[in-house]
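Data block below; observations after.
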Amino acid sequence: MRARNDLEVLLNAAIEGDERAYAEFLRRSAGLVRNFAKRAIGNGALDPEDIVQEALLAIHLKRHTWKRDSAVPPWLYAIAHHKLIDALRRRGSRLEVPIEEFSETLAGQEAEAVSEHDMSRVLASLSAGQRAVVTALSVEGRSISETASQMKITETAVRVAFHRGLAAIKRRFGH
């Protein structure tokens, strides 16, 4: 069993309703995300603080998605990475971040490998619309607006299908 770090302790306390722990969790998370954004952007045209604010909002809204028995930093970096990509897409830019920059963060973290067979089985359990949306957003990495445009549906419909698809996957395959 691995030892819990301070962020995990703070986030657990925050989920249980400790407002001070939540404020400290957000303060520390902001520092990690800020460092990530500064390294990833360099001297680019994006402001790292924009990424920090978007990531903190996403962390707040998605804190229920963190699995209590898993490490916090990879979860935070994944959210920050997605917010960075979203910002770059809005600007029409591409950024490649070498995995080596995050090797320490990822080292020692147990990751569940998903085989193509497992992925196919999970996706096959969804309705055709949910499968198309989940594939576009999660597998292909498309944005909500790209997916809506491609599928000729509203962004709200994409969000609803995605949420329902993930909920269906969780019900069927979750813990």
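Below are the figures for this structure:
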| read-out | value |
| --- | --- |
| Condition check for V72: of a type in the set (V, I, T), in the same structural domain as G31 (by TED's automatic domain parsing), within 26 Å of L26 (Cα to Cα) and at pLDDT 85 or above | yes |
| Residue check, D47 farther than 24 Å from L137 by Cα and not assigned by TED's automatic domain parsing to the domain that holds R142 | yes |
| Region 19-34: number of residues that are in contact with a helix residue (DSSP H, G or I) (Cβ under 8 Å, 6 or more places away or on another chain) and either of a type in the set (D, E, K, R) or not in a helix (DSSP H, G or I) (or both) | 3 |
| Failed item in (1) assigned to a loop (DSSP other than H, G, I, E, B); (2) in contact (Cβ under 8 Å) with a residue 60 or more places away in the chain, with N43 passing the rest | (2) |
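The values are calculated or read from the model by the stated rules, or taken from the named source; none is laboratory data. Remember, it's a predicted structure, so these values are computed and weren't measured experimentally. Heads up, the Cβs are rebuilt from the backbone with ideal geometry, glycines too, and the neighbour counts pull from every protein chain shown.
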